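Reviewing the structure listed below.
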Amino acid sequence: MSICEAAIAAKSASITLAAVKTDVKDGALARIADALRTQSARIISVNEEDLAAAEKNNLAKPLLKRLKFDEGKIADVCAGIESLIKLDDPVGRTISATELDKNLELYKVSCPIGVIGVVFESRPDALVQISTLCLKSGNAVMLKGGSEAAKTNRILAEIIAQASVEAGLPDGWIQLLETREDVAEMLAMDEYIDLVIPRGSNEFVRYIMDSTNIPVLGHADGICHVYIDGEADLDMAVNIVVDSKCQYVAVCNAAETLLVDAAIAQKFLPKVRAALEEKEVAIRGCEKTRAIIDAKPATQDDWRTEYLDLVISVKVVDGLDEAIEHINKYGSHHTDAIVTADEKKAAKFMDLVDSADVFWNCSTRFSDGYRFGLGAEVGISTNKIHARGPVGLEGLLIYKYKLIGTGQIVADYAGPKAKKFTHKKLSGGCEC
C-alpha cells in the first residue's frame with residue numbers, strides 16, 4: 001500500500017471511528033492489552049534483534065535505553081491501556097449548551113480531530129500509548145517511529161491492528177510508516193491528515209514545522225529547570241533534584257539546569273553534588289558554583305542544552321526574580337519546578353514562569369500524561385493554542401456546534417420586526 005493509499009484508508013476509517021460506541025472502543029483496548037501480553041515473548045524476541053543492530057551501529061546509551069521493550073515495558077503499557085479503559089469517553093461530551101430562542105438550542109460538543117500523524121523517537125512503548133489514545137479519542141493515526149525500532153514497531157502495529165479490527169473497529173484506522181520518504185509524503189497530505197505531532201530533537205521538530213501545511217502540535221526541546229529557593233528544605237531539595245535529573249535521563253521532562261539561591265548555595269551545593277556524583281552525573285557550573293564545588297565551567301550554550309544524559313548545568317542566582325528571568329530566557333517552556341517552603345514565592349514562580357507545566361516541591365518527572373491521569377500521552381505540547389502540556393485524550397479532541405431547531409429561519413431574526421434571541425444558558429447534554 002502506498003502512503004497516499006494509507007492516508008486515504010485512515011481518513012475513511014476516521015469517519016467511522018468517530019461514531020464508534022464506548023463499549024466497542026473499550027473492548028478493543030482490552031483485546032489489545034491481552035494480545036500484547038499473550039505475544040510478549042514474540043515481541044521481546046523481535047525487540048532484541050533491533051537492540052543488537054542498534055548496538056552494532058553504536059547507538060547512544062540513552063537511546064538504547066529508550067529502545068528496549070522488555071516484560072517490564074510491556075506490563076507498563078498494558079497498565080496504561082487498562083487505565084485508559086477506566087476513563088470516561090471524551091467524545092460526544094457537551095461542553096456548553098445555549099438556548100438561542102424557544103426550541104432553538106445550540107450545543108458545543110467534543111469530537112475527534114480526525115487523522116493524526118505522529119512521528120516519534122526510538123521508544124516502542126510510545127507507539128502503544130499513541131495508538132491507544134487515538135483509539136479511545138476516536139481518531140485514526142499514522143505512525144512513524146525511529147528506524148532503529150523498525151521491527152519492534154512493525155510487530156506492535158500488526159498486533160494492535162488485528163486485535164482492534166477483530167473487536168469491531170474499522171480496518172485502516174492505524175497505519176505504520178517506515179521511512180523518511182514516507183514522512184515527507186505524509187507531510188504533503190493536508191487533504192487527509194488533520195494534525196501532525198512530532199516527537200524528537202529541536203532540529204527535527206523545526207524541520208516538520210517548516211515542511212508542511214498541516215497544523216503541528218508539540219515541542220522542540222525539553223530544557224527543564226529546578227530552582228532551589230533560600231526557604232527550601234534542603235533534604236527535600238536534594239531528593240527532587242536527583243529524581244528530576246536521574247530517574248530517567250533520556251526524556252524531555254528530565255531536569256537539565258539546576259538554579260540555586262545564593263542564600264543557601266554554600267550549604268546546598270555540596271549536598272547535591274554528593275548525591276549527583278553518586279549517580280555519576282557530571283556537573284557544569286557557573287563561576288559562583290565552581291567557587292563552592294568542583295565542576296566543569298558552564299558556557300552560555302549549556303543553559304540552552306537538552307543533554308538527555310547524566311549531565312546537569314548549575315547556576316547560582318540572586319533570588320527568585322533572577323531564577324524566573326533565567327528560565328523564561330533559556331528554557332523551552334516545558335516543565336519547571338521550584339522547591340521552597342514559602343507559599344508566596346511558589347505562587348509567584350508558578351504565575352510568572354512561562355511554561356506548560358510549573359511545579360512546587362515535586363519532581364519535573366511528574367510531567368507525563370499517565371501520571372496526570374490523562375491515560376498516557378501522545379506527546380507534550382508547549383504550544384499556546386488548542387492543547388498545552390501532556391497531550392492526552394482531551395488534547396486529541398476538537399468540537400463541533402450542533403444546532404437543533406423546529407423550522408426557524410434567519411429572516412425572522414432580521415429587519416425592523418426581528419425576533420429577539422434569548423441566549424440563555426442550558427444545563428444537560430445534547431441527545432443527538
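The values are calculated or read from the model by the stated rules, or taken from the named source; none is laboratory data. Just so it is clear, the model here is predicted, and its values are computed rather than measured. Positions of Cβ are generated from backbone atoms using ideal geometry, with glycine treated the same way; all protein chains shown enter the neighbour counts.
Of all residues in the range 120-137, those that are outside any helix (DSSP H, G or I) and closer than 22 Å to Arg180 by Cα total 4. If only residues of the range 59-111 that are assigned to a helix (DSSP H, G or I), within 30 Å of Val311 (Cα to Cα) and among the acidic types (Asp, Glu) are counted, the one that is farthest from the chain's Cα centre (by Cα) is Glu71.
Does Ala341 satisfy the criteria of being in the same structural domain as Thr257 (by TED's automatic domain parsing) and surrounded by fewer than 21 Cβ atoms within 10 Å (Cβ to Cβ)? Yes; evaluated as a whole, the condition is true for this residue.
Residues checked against (1) out of contact with any Lys or Arg (no Cβ under 9 Å at 6 or more places or on another chain); (2) under 21 Å from Ile380 (Cα atoms); (3) of a type in the set (D, E, K, R):
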| site | (1), (2), (3) |
| --- | --- |
| Arg123 | no, yes, yes |
| Thr132 | yes, yes, no |
| Asn139 | yes, yes, no |
| Ala150 | yes, no, no |
| Gln175 | yes, no, no |
| Arg180 | no, no, yes |
| Val183 | no, yes, no |
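For the range 198-218, a residue qualifies if it is touching a helix residue (DSSP H, G or I) at 6+ places or on another chain (Cβ under 9 Å), modelled with pLDDT of 80 or more and over 12 Å from Thr382 (Cβ atoms), and the qualifying residues are Pro198, Arg199, Ile208, Ser211, Thr212, Asn213, Ile214. Taking each residue of the range 331-353 that is more than 24 Å from Ser313 (Cβ to Cβ) and looking for partners that are at pLDDT 95 or above and buried (at least 21 other Cβ atoms within 10 Å of the Cβ) with beta-carbon atoms closer than 7 Å, six or more apart or interchain, yields Ala341/Ala232; Asp342/Asp229.
If you go through the range 245-301 and pick out every residue that is aromatic (Phe, Trp, Tyr) and within 30 Å of Lys68 (Cβ to Cβ), you end up with 1. Checking the range 316-338 against the condition returns a match, with at least one residue being surrounded by fewer than 24 Cβ atoms within 10 Å (Cβ to Cβ) and assigned to a strand (DSSP E or B).
The strands (runs of 3 or more DSSP E) found entirely in the range 342-407 that carry 3 or more residues being touching a Cys at 6+ places or on another chain (Cβ under 9 Å) and modelled with pLDDT of 90 or more are 397-404.
Residues of the range 155-184 being out of contact with any Asp or Glu (no Cβ under 6 Å at 6 or more places or on another chain), over 22 Å from Ser45 (Cα atoms) and modelled with pLDDT of 95 or more, which ones? Scanning the range 155-184 gives Ser164, Glu166, Ala167, Gly168, Leu169, Pro170, Asp171, Gly172, Trp173, Ile174, Gln175.
Of the numbered criteria (1) under 17 Å from Ala254 (Cβ atoms); (2) surrounded by fewer than 21 Cβ atoms within 10 Å (Cβ to Cβ); (3) touching a helix residue (DSSP H, G or I) at 6+ places or on another chain (Cβ under 8 Å), the one Ala282 fails is (3).
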